[in-house]
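Taken together, the values in this text are just the output of simple stated rules run on the coordinates, not laboratory data. The shown structure was predicted, so the numbers you read here are calculated from the model rather than taken from an experiment. Methodologically, a virtual Cβ is constructed for each residue, glycine included, from the backbone with ideal geometry; neighbour enumeration extends over all protein chains shown.
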Amino acid sequence: MSENTNFNAPAYTARGTARSETVTLPETTFDGEINMPVMHKAVTAFMANQRQGNAATKIRKYVVGGNQKPWKQKGTGRARQGSTRAPHFVGGGTVFGPTPRAYDHFVPKQVRQLAKKSAFNARASENAIFVIDAFNYEAPKTSALLGLMARLDVLEKKVLVLTDGVKPNVFLSGRNVQNVHVMPYADASTYHILWSDVVLVESGAIGAALEPMANEPAAAPVAKKARSAADVAKGAKKVAKRAAKTEAKAAVKEKAPAKKTAAKKTAAKKSTKKEK
């Protein structure tokens, strides 16, 4: 499928403030062509290349023991056997089991490039690409990245953040967030683009450098999720149990001195009787 259209993406600051201009995505990458078979081949090859291929089983010659013949050849009435490590014996070898192997799939460079371009076009056709002027994080700050996602209303989506080159502070800011993946623009693969629901691209990575805005308002704090009625009920039950425990402890402490005084009185009576 191919469409001769120019894709425009909205531009935002690193804090999530919307900019007045829009960014025209480069035609060399965003040409509107979506090749499904090529994307399928690239994704399956990527997933296959992640497999380690360490599964291993022992055939009968690798199992320890079984050198001695279990019983004599004739006269027992049973079938002749030469080793207890045969596959039909308990503890014997495995037949046709997995052995260490490589699952690597090779995909030509031009096919990988076409698949990556098709994935970008698929996200652009869904208006799921946002351009960020610059990720200038002086230090790792997860709250800053979450604030950006909150302003873009993508907290509940899978977000792929593509930076202009390697930026450790941005990577460390999103490393602890489950639905966020941060990587350089050049390292993005077809799998990562299709995995994501929204793609945040730094402007310098696509050749449209935007200067950061001056006097930009601070990002709003991320709102906490509202608790459900069941969670509120559970919390109320826990509070009630704690209160009951504290009351019971207080009652026990109040009764303890009374018992001591009664014991003292009986001891005093016994002593007076002895003296008499």
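Kirkwood hydrodynamic radius, region 116-196, all distinct C-alpha pairs: what's the number in Å? Mind dumping the intermediate values first?
On the way: mean 1/r = 0.0766 Å⁻¹.
That comes to 13.1 Å for region 116-196.
The string of couplings for region 59-74 from the Karplus curve (6.51, -1.76, 1.60, θ = phi - 60°) is 7, 4, 6, 9, 7, 6, x, x, 6, 7, 5, x, 8, 5, 5, 10 Hz, one whole number per residue in order, with x for Gly and Pro.
Net charge dipole, region 1-140: roughly 2240 debye, given to the nearest 20, about the Cα centre with Cβ charges of +1 for Lys and Arg and -1 for Asp and Glu. For the peptides 160-170, 42-52, residues were scored by their other Cβ atoms within 10 Å and the scores averaged per peptide; the highest-first order is 160-170, 42-52.
Which value, in debye to the nearest 20, describes the size of the charge dipole of region 54-102 about its Cα centre when Lys and Arg Cβ atoms bear +1, Asp and Glu Cβ atoms bear -1, and nothing else is charged?
Values: 10 positive and 0 negative charges, 49 e Å.
Approximately 240 debye in magnitude.
When each of Asp133, Asp153 is scored by the number of other beta-carbon atoms lying within 10 Å, the sequence from fewest to most is Asp153, Asp133. Here's how it looks for Val182: its modeled amide H is under 5 Å from those of Val161, which are all 5 or more places away or on a different chain. Length gained on full extension, Asn67 to Ala233, computed as 0.36 nm times the residue gap minus the Cα-Cα distance: 53.0 nm.
Amide H contacts of Tyr12 (H built 1.01 Å from N, in plane; Pro and chain starts excluded): Arg19, Val131, Ile132, Asp133 sit under 5 Å, all sequence-distant by 5 or more or on other chains.
With the cut-off at 1.5 for a/c, could you classify region 54-102 from its C-alpha gyration tensor as rounded, prolate or oblate?
Values: a/c = 4.40, a/b = 2.95, b/c = 1.49.
It comes out prolate by the Cα gyration axes.
Of the residues Gly92, Trp71, Ala102, the one whose Cα sits farthest towards the positive end of the charge dipole of region 54-102 is Trp71 (charges of +1 on Lys and Arg Cβ, -1 on Asp and Glu Cβ, taken about the Cα centre).
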